[in-house]
Amino acid sequence: MPGEPLLPNPHRRTFLRGSAAVAIAPFAASSAQATASNGEAAVDARATISVEMTINGQPRRLSVDARTSLLDALRDHAGLTGAKKGCDQGQCGACTVHVDGRRILSCLMFAVAADGASVTTIEGLAGEDGALHPMQAAFIDQDAFQCGFCTPGQILSAIACVTEGHAKTEADIREYMSGNICRCAAYPNIVAAIRQAKPLMEG
């Protein structure tokens, strides 16, 4: 009728209650969808699970959130902080480790994906007598680092560069080490270190 409002003027509390109901609706739906068809609740992705792997030659069992990256598992659960968290997006290479002999960006790998695997970090390269790996010694000899933040990842990647057969030429080394960024720009020295260590690793 003329003079009547088209819509009632809602009370502020009523409006807020309605807004809250709309906001939580997607979460309520997700919760409902998480229930399995047999009526049992789905496994909570935040639940702690047990992961077993061999780290630097030692069997380890870690209790981690299913969403935990291998990098965080190594640093926060195994106490091995050599692998560094740089970009945490797989772009800088500071988190490089070896998994079953292959170089891996540990920030992009879930810890559960390494269950049963053999993992090598910078802490596991030196011999039992403390003798440095040839690549570690070469990085020192060639002064192939400055601040040292990227060095663990650089060394693990450099070792893989040699074992993968990608260190035949300086151009090859630069190409297959390009995933490891050095903000101090020690690249010429890194190349020199790899060329020094290569014959020792192959011999």
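The values are calculated or read from the model by the stated rules, or taken from the named source; none is laboratory data. Note that this is a predicted model, so its numbers are computed, not measured. With ideal geometry, Cβ positions are generated from the backbone for all residues, glycine too; neighbour counts draw on all protein chains shown.
The residue that is farthest from Q58 (Cα to Cα), among those in segment 106-131 that are crowded, with 21+ Cβ neighbours inside 10 Å and touching a residue at least 60 places away in the same chain (Cβ under 8 Å), is A111.
Kindly establish whether G165 is closer than 30 Å to R61 by Cα, among the small types (G, A, S) and surrounded by fewer than 22 Cβ atoms within 10 Å (Cβ to Cβ). In short, no. Within segment 138-152, identify whether any single residue is within 21 Å of M53 (Cβ to Cβ), outside the structural domain of K84 (by TED's automatic domain parsing) and within 22 Å of the chain's Cα centre (by Cα), and answer yes or no. The answer is yes; a qualifying residue exists. Of all residue pairs spaced 6 or more apart or on separate chains, those with beta-carbon atoms under 8 Å, a first member in segment 92-104 that is on the phi > 0 side of the Ramachandran plot and a second member that is buried (at least 23 other Cβ atoms within 10 Å of the Cβ) and in a strand (DSSP E or B) are G93/L105. Checked against the criterion of being over 14 Å from G153 (Cα atoms), among the hydrophobic types (A, V, I, L, M, F, W, C) and at pLDDT 95 or above, segment 76-97 has at least one qualifying residue.
Of the residues in segment 67-106, how many are closer than 19 Å to T48 by Cα and outside any loop (DSSP other than H, G, I, E, B)?
9
Can you name every one of the helices (runs of 4 or more DSSP H) wholly within segment 109-203 that holds 1 or more residues which are among the β-branched types (V, I, T) and touching a Gly at 6+ places or on another chain (Cβ under 8 Å)? Helices (runs of 4 or more DSSP H) meeting the threshold: 151-163. Evaluation of G179 against the conditions (1) surrounded by fewer than 23 Cβ atoms within 10 Å (Cβ to Cβ); (2) of a type in the set (G, A, S); (3) over 18 Å from G90 (Cβ atoms) shows that the sole unmet condition is (3).
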